[in-house]
Amino acid sequence: MYTIYSKPNCLFCLQAKQLLEMEQLPFEYKNLGTHYSLQEFMELFPNAKSFPMIVKDGECIGGFNNLVEYLNQQY
């Protein structure tokens, strides 16, 4: 199961969501301010510099480009 930590009006966040939908992979889409705070985000991803941050089964994959690379390696 994938988790996308997104923020409102984030193009890469929406692209990550669309990619997982297209690949029919299960995911949870969490929005900043609704599902988590900036403080919680920084605690989860202390080295993050951008959105989204994508996690699969507890392992941080990274951002959208990292997700694309990860999926290309898997399939």
- Paramagnetic reach from LEU44 in the range 13-34 [backbone N under 16 Å; point 7 Å along Cα→Cβ]: 13-14, 16-17, 27-34
- Query: In the range 1-56, carbon and sulfur make up what percent of the accessible area (probe 1.4 Å)?
  - Reply: 53 percent
- Stretchable slack from GLU28 to LYS56, in nm (0.36 nm times residue separation minus alpha-carbon distance): 9.1 nm
- Message: Taking θ = phi - 60°, what integer Hz values does the Karplus form 6.51 cos²θ - 1.76 cosθ + 1.60 yield along the range 34-40, in sequence order, with x for Gly and Pro?
- Response: 10, 9, 7, 9, 4, 4, 5
- Message: Can you give me the accessible area per residue for the chain, using a 1.4 Å probe, in Å²?
- Response: 66 Å²
- Which one of LEU71, HIS35, MET22 is farthest out on the positive end of the charge dipole of the chain, using unit charges on Cβ (Lys, Arg +1; Asp, Glu -1) and the Cα centre as origin? HIS35
- State to the nearest 20 debye the size of the charge dipole of the chain about its Cα centre, where the only charges are +1 on K and R beta carbons and -1 on D and E beta carbons. 220 debye
- Note on the structure: Cys residues of the chain with no disulfide-compatible partner (no other Cys Cβ under 4.7 Å) are CYS60
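Using DSSP to call loops (not H, G, I, E or B), can you name the chymotrypsin sites (Phe, Trp or Tyr not before Pro) in the range 13-47 whose Cβ has at most 12 other Cβ atoms within 10 angstrom? Working shown, then result.
Values: sites: PHE27, TYR29, TYR36, PHE41; in loops: none.
Taking the range 13-47 and a limit of 12 other Cβ atoms within 10 Å, no loop chymotrypsin sites (Phe, Trp or Tyr not before Pro) are found.
Calculated from DSSP H runs of 4 or more alone, at -39500 (n - 2.57) each and per residue, what is the 222 nm mean residue ellipticity of the chain, nearest 500? Kindly include the intermediate steps, with their values, before the conclusion.
On the way: 3 runs with 30 residues, N = 75.
Computed ellipticity for the chain at 222 nm equals -11500 deg cm²/dmol.
The values are calculated or read from the model by the stated rules, or taken from the named source; none is laboratory data. Given the structure is predicted, the values throughout are model-derived calculations rather than measurements. All Cβ positions, glycine included, derive from the backbone under ideal geometry; neighbour counts span all protein chains shown. Please note that ligands, DNA and RNA were not included when accessible areas were found on the heavy atoms of the full protein model with its side chains. Shrake-Rupley method; radii C 1.70, N 1.55, O 1.52, S 1.80 Å.
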